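The values are calculated or read from the model by the stated rules, or taken from the named source; none is laboratory data. It should be emphasised that the depicted structure is a prediction, and the values quoted were computed from it without experimental measurement. Neighbour counts run over all protein chains shown; Cβ positions are idealised from the backbone, glycine included.
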Amino acid sequence: MGRKKINIDGVGEFPLRKWSWHGFAVQAILLMGLWLLLSGHYDLFHISLGIFSVFVVMSINARINQIQFFHRDVPEWERIKIVCLIRYLPWLLWKIFVASMQVAYVVLHRRMPIHPVLLKFKVKLPNVGAQVILGNSITLTPGTITIDIKGNEFLVHALIPDSYAGLVDGTMPRRVAELFGKSPPKDIVSDIEIIKSREEMS
């Protein structure tokens, strides 16, 4: 008996994936984690609202997530190890807290000792999903913003040296690679370029 298929008008017929508890759990954890990070409220009302929002988003996306658009098309979230994800989220929250204190100190300091730079580097991650997670983790951490991702090259704006220390030494990229059960290479970050002026950009 063949796999069920769905016909998309004007595009063609595509097979449907089997429903996965693993994929469901990872999506729910990621979306709920994002809600908690962005809302900043942890009372019963806001957490309940977050759970409802996650349910609505997953219900809307459920049908399209079932479609296998090409051979061996496996959703990135199904590659993530749940145990590693549960370890990663508290670590990221701690990094966000520490970075918030660093940025607050700089902003409140009478001399405001900021040293903004553009950081360009290449990173060896297992898949596109890992690149998306790294890019968003960088942006969620105060003091850094992911400006662009081209292939395996990242362009990040950083406010102070402490903001990008965890990128240059490979700490954050390694944590992201481990989400997918991969042993990151020693040279996970390479071709690091710190741009301090407009002249260096050209």
* **Scan of the stretch 168-193 for residues that are assigned to a strand (DSSP E or B), among the aliphatic types (A, V, I, L, M) and either farther than 15 Å from residue 131 by Cβ or not assigned by TED's automatic domain parsing to the domain that holds residue 129 (or both), ordered by number** => 192
* Determine whether residue 53 is outside any loop (DSSP other than H, G, I, E, B), at pLDDT 65 or above and over 26 Å from residue 131 (Cβ atoms). => no
* Structure fact -> Of the residues in the stretch 71-112 that are farther than 27 Å from residue 22 by Cα, modelled with pLDDT under 85 and out of contact with any helix residue (DSSP H, G or I) (no Cβ under 9 Å at 6 or more places or on another chain), the one that is surrounded by the most Cβ atoms within 10 Å (Cβ to Cβ) is 109
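Please verify whether the stretch 96-114 includes one or more residues that are of a type in the set (Phe, Trp, Tyr) and over 20 Å from the mean Cα position of the chain (by Cα). If you could, list the steps in order and put the result at the bottom.
First, the residues of the stretch 96-114 that are of a type in the set (Phe, Trp, Tyr): 97, 105.
Next, only the ones that are over 20 Å from the mean Cα position of the chain (by Cα) stay: 105.
Yes, the stretch 96-114 has at least one match.
Within the stretch 26-38, is even one residue touching a Phe, Trp or Tyr at 6+ places or on another chain (Cβ under 6 Å) and modelled with pLDDT under 90? Give the steps one after another, and end with the answer.
Step one: of the stretch 26-38, the residues touching a Phe, Trp or Tyr at 6+ places or on another chain (Cβ under 6 Å) are 26-27.
Right, trim to modelled with pLDDT under 90 and you get 26-27.
The answer is yes, given that some residue of the stretch 26-38 is touching a Phe, Trp or Tyr at 6+ places or on another chain (Cβ under 6 Å) and modelled with pLDDT under 90.
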* Condition met for residue 149 (more than 20 Å from residue 91 (Cβ to Cβ) and modelled with pLDDT of 90 or more) -> yes
* Structure fact -> Exactly one of 165, 158 is in contact with a Gly (Cβ under 8 Å, 6 or more places away or on another chain) and either closer than 17 Å to residue 116 by Cα or not assigned by TED's automatic domain parsing to the domain that holds residue 99 (or both), and that one is 158
* To do: Please find, within the stretch 36-48, the residue that is surrounded by the most Cβ atoms within 10 Å (Cβ to Cβ) out of those that are farther than 20 Å from residue 24 by Cβ and of a type in the set (A, V, I, L, M).
  => 37
* **Residues satisfying the stated conditions in the stretch 141-158, i.e. part of a strand (DSSP E or B), touching a strand residue (DSSP E or B) at 6+ places or on another chain (Cβ under 7 Å) and surrounded by fewer than 18 Cβ atoms within 10 Å (Cβ to Cβ)** => 145, 147, 148, 153, 155
